[in-house]
Amino acid sequence: MSGLVGSNRSKTTLKERDYMKEYSVAPNKDVTGWIVKIEDIAPTDEYDERDTALEKAKEMAEQNKPSRILVLDQNHEVEEEIKY
């Protein structure tokens, strides 16, 4: 086993994931807003637009290095991963 987490798109190793803060940006249930979560626990905020939610997640991730952001689509599949 290679020690990789997730799909082939994600190249984060288990060791990296152990100490990285993880943020996610995902659409809400009705896809009418975008939610930013920390460590997949509780949402921090909900935004009307994806870009606004992503900017907020980037600010938080930048301030809490090492960290990563997972941007999810409406099926909650990873579209993009950003590392800091």
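Here, each number is a calculation from the coordinates, and none is a lab measurement. What you see is a predicted model, and the numbers here were worked out from it, not measured in a lab. So basically every Cβ, Gly included, is an ideal-geometry build from the backbone, and we count neighbours across all protein chains shown.
Sort out which residues of region 52-81 are assigned to a helix (DSSP H, G or I) and over 13 Å from the mean Cα position of the chain (by Cα), and write them in order of number. Quick ask: steps written out before the conclusion?
Our first condition is that a residue be assigned to a helix (DSSP H, G or I); within region 52-81, this holds for 52-63.
Within region 52-81, 52, 63 qualify.
What are the pairs, 6+ residues apart or on separate chains, where a residue within region 61-84 that is in contact (Cβ under 8 Å) with a residue 40 or more places away in the chain and closer than 19 Å to residue 41 by Cα has its Cβ under 9 Å from a residue that is of a type in the set (Lys, Arg) and part of a loop (DSSP other than H, G, I, E, B)?
Hits for this filter: 78/9; 81/9; 81/11.
Hey, can you tell me all the residues within region 27-49 that are exposed (fewer than 14 other Cβ atoms within 10 Å of the Cβ) and touching a residue at least 40 places away in the same chain (Cβ under 8 Å)?
Across region 27-49, the qualifying residue is only 31.
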